[in-house]
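What follows is calculated from the coordinates using simple rules that are stated; it is not laboratory data. Here the structure is a predicted model, which means the values were calculated and not measured. All Cβ positions, glycine included, derive from the backbone under ideal geometry; neighbour counts span all protein chains shown.
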Amino acid sequence: MILLILKSLLLAWLITGFDPLKRLINLIPEGIVKFYTQTLFSCLKCCSFWVCLMLSGNIFLAAGTAFIAYWYDYLLAPKIKLN
């Protein structure tokens with residue numbers, strides 16, 4: 001179970017930080033589809049929830065993974081930014 005959470009978080013982190021995917025999303029015409037696609041692929045919490053839900057099928061595990069991603073964004077991500 002811990003390995004599944006770790007896989008979900010790493011895959012979500014890879015998806016949210018993958019620039020070619022963001023460029024591809026920018027080619028979608030403006031509208032509700034583009035809005036939700038951009039929101040899903042730019043938010044680590046949302047992406048980790050959906051990735052874990054697809055991998056495990058367990059909504060409680062997916063919610064826990066999103067909670068861990070929230071704390072990662074809140075505590076660690078501001079200190080790791082390399083801008």
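Values for this structure:
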| read-out | value |
| --- | --- |
| Dimensions in Å of the chain - Rg and Dmax from alpha carbons | 13.4, 39 |
| Nitroxide proxy distance, nm - points 7 Å out along Cα→Cβ at Ile28 and Ala77 | 1.9 |
| Choice from Ile28, Ile15, Ile68 showing the highest fluctuation, given a GNM over the chain with Cα pairs closer than 10 Å | Ile28 |
| Computed label-point distance, nm, for sites Leu4 and Asp19 using a 7 Å Cα→Cβ extension | 3.5 |
| The chain - mean residue ellipticity at 222 nm from DSSP helices (-39,500 (n - 2.57) per run, n ≥ 4, rounded to 500) | -23000 deg cm²/dmol |
